[in-house]
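In what follows, a structure is listed as structure tokens, so that the remarks can point back to it.
The values are calculated or read from the model by the stated rules, or taken from the named source; none is laboratory data. Here the structure is a predicted model, which is why all the values come from computation and not from measurement. Quick reminder, even Gly has a Cβ in these numbers, built from the backbone with ideal geometry, and neighbours come from all protein chains shown. For accessibility, only protein heavy atoms count, side chains too; no ligands or nucleic acids. Shrake-Rupley method; radii C 1.70, N 1.55, O 1.52, S 1.80 Å.
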Amino acid sequence: GAQTPRGQQVFVRYLPAAVSTLYYVSLVGGFSAERIARVVSSTGYLGGGRCDVLARIAETAAFVALVTQPESLHPHQPGWTAAVRVRLLHARVRRRLYERGWDAPINDVPINMVQIAATQLAFSLSILTGIERLAPGVLKESAQEDYLHLWRFIGYLLGVSDEHNACTSMGVARSHLESYLADLIQPGPHGCQLAQSILSLRLPSGQPSGGLGKRACLCRKFIGDALSDGLGLPTPTRRDVLLASVEWTILAAYTRVCALPIAGCPLLLLHAWLLRQVAASSSRFTFPLRRQPHPMHFAAQQSDSMCPLAGLRGSAAG
């Protein structure tokens with residue numbers, strides 16, 4: 001239906017604010033969930049000594065760029081393929097961790113439904129919350145619902161059953177996120193290591209890039225001091241606070257300009273072009289699937305709807 005492309009436009013229009021929230025809240029702040037961080041750490045995806053963190057962040061950016069391209073979520077299109085590949089990657093990681101002796105009774109089933117659903121909200125509701133935090137009132141209720149619907153469908157592709165899919169409405173999403181935060185958020189050693197690794201932005205040479213203090217201060221603005229302290233983020237200096245405040249002010253002003261009918265149009269085109277470049281440069285998610293998933297799940301859908309959840313907008317998740 002029309003909701004999915006409208007949801008994609010929300011991300012494109014507010015790209016800088018959305019990307020900043022994705023980085024500081026969804027990625028860095030998300031690793032305060034120690035059980036999720038333990039899985040990521042076990043795979044060596046971000047915790048390796050010579051890991052190029054910039055490349056890992058680029059892969060996340062490529063995935064988001066692919067799923068927000070126009071018509072990319074139709075079956076076998078780039079965004080759809082990227083989402084299915086991530087789902088298959090999750091299954092592969094689960095199998096490998098079990099082969100290595102993963103203790104599910106103690107550590108939970110790796111990448112389970114709750115963790116995927118929580119991550120889905122980190123890429124949906126948390127983005128909307130971040131935009132509103134930077135520029136209160138810029139998002140209409142309809143735009144928020146459209147963006148949630150986009151991630152309801154992406155969650156469906158990632159394996160989140162509609163029974164457990166919280167992206168049905170803002171109220172349902174908020175209640176589920178609060179529940180997940182109460183259950184999952186507990187900073188631990190794996191999460192601290194991963195969060196600091198991402199914030200340090202280690203280069204291929206292994207050396208951290210500059211600006212760690214400023215980024216840590218911006219992260220505190222997004223996720224708060226209590227969670228930042230739990231993740232062991234450094235205490236900002238006066239210079240860090242000043243630089244972070246300037247960047248926050250500029251980002252907030254830019255976000256408000258993006259919402260303007262006339263001034264926001266060229267910015268929307270610029271953001272769309274940037275996302276196309278990121279999507280085009282990605283190779284991880286674009287090569288064909290060795291065996292295409294069976295299209296039976298999409299065969300019965302109405303011809304005028306690209307989303308099998310289009311008619312379920314009002315239903316509540318469990």
| request: Please determine, by comparing only the residues of the stretch 147-168 that are touching a residue at least 60 places away in the same chain (Cβ under 8 Å) and over 16 Å from the mean Cα position of the chain (by Cα), which one is most open to solvent (accessible area, probe 1.4 Å). | output: E163
| task | Would you mind finding the one in A263, A299, A252 that is at pLDDT below 90, farther than 25 Å from A58 by Cβ and of a type in the set (A, V, I, L, M, F, W, C)? | result | A299
| remark: Counted residues in the stretch 50-84 being more than 16 Å from V19 (Cβ to Cβ) and open to solvent by 50 Å² or more (accessible area, probe 1.4 Å) come to 7
| task | Evaluate the stretch 33-47: report whether one residue or more is open to solvent by 50 Å² or more (accessible area, probe 1.4 Å) and closer than 17 Å to S200 by Cα. | result | yes
| request: Give me the pairs, please: first residue somewhere in the stretch 223-244 and within 20 Å of L22 (Cα to Cα) and free of Cβ contacts under 8 Å to residues at least 12 places away in the same chain, second residue anywhere and open to solvent by less than 50 Å² (accessible area, probe 1.4 Å) and among the charged types (D, E, K, R), beta-carbon distance under 9 Å, and either six or more positions apart or on two chains. | output: D229/R220
| In the list R94, R133, which residue meets the criterion of being basic (K, R), within 18 Å of S20 (Cα to Cα) and either assigned to a helix (DSSP H, G or I) or touching an Asp or Glu at 6+ places or on another chain (Cβ under 6 Å) (or both)? | R133
| note | Of the conditions (1) within 20 Å of the chain's Cα centre (by Cα); (2) touching a residue at least 12 places away in the same chain (Cβ under 8 Å), the single one that E132 does not satisfy is (2)
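Would it be correct to say that P266 is farther than 29 Å from W151 by Cα and out of contact with any strand residue (DSSP E or B) (no Cβ under 8 Å at 6 or more places or on another chain)?
Values: farther than 29 Å from W151 by Cα: no; out of contact with any strand residue (DSSP E or B) (no Cβ under 8 Å at 6 or more places or on another chain): yes.
For P266, the condition - farther than 29 Å from W151 by Cα and out of contact with any strand residue (DSSP E or B) (no Cβ under 8 Å at 6 or more places or on another chain) - is not met.
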| note | In the stretch 123-142, anything of a type in the set (A, V, I, L, M) and open to solvent by 20 Å² or more (accessible area, probe 1.4 Å) is listed as V138
| message | So, A182, is that one open to solvent by 20 Å² or more (accessible area, probe 1.4 Å), over 17 Å from V40 (Cα atoms) and aliphatic (A, V, I, L, M) or not? | response | yes
| message | Among the residues of the stretch 174-192, are any in a helix (DSSP H, G or I), at pLDDT 85 or above and among the β-branched types (V, I, T)? | response | no
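Can you tell me which residue among L289, L231, L242 is open to solvent by less than 50 Å² (accessible area, probe 1.4 Å) and modelled with pLDDT of 50 or more? Working first, answer last.
Details: L289 fails: modelled with pLDDT of 50 or more; L242 fails: open to solvent by less than 50 Å² (accessible area, probe 1.4 Å).
After applying the criteria, what remains is L231.
So in the stretch 250-268, with the set limited to residues that are among the β-branched types (V, I, T) and open to solvent by less than 80 Å² (accessible area, probe 1.4 Å), which one is farthest from T68 (Cα to Cα)? Walk me through how you get there before you give the answer.
If we filter the stretch 250-268 for residues that are among the β-branched types (V, I, T), which is where we start, we get 250, 255, 257, 262.
Then drop every residue that is not open to solvent by less than 80 Å² (accessible area, probe 1.4 Å), which leaves 255, 257.
Details: T255: 19, V257: 21 Å.
Ranking the qualifying residues of the stretch 250-268, first place goes to V257.
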| task | Keeping to the stretch 98-113, report how many residues are within 23 Å of the chain's Cα centre (by Cα) and either outside any helix (DSSP H, G or I) or buried (at least 17 other Cβ atoms within 10 Å of the Cβ) (or both). | result | 5
| task | Inspect the stretch 18-40 for any residue being under 15 Å from the mean Cα position of the chain (by Cα), modelled with pLDDT of 95 or more and part of a loop (DSSP other than H, G, I, E, B) and give the result as yes or no. | result | no
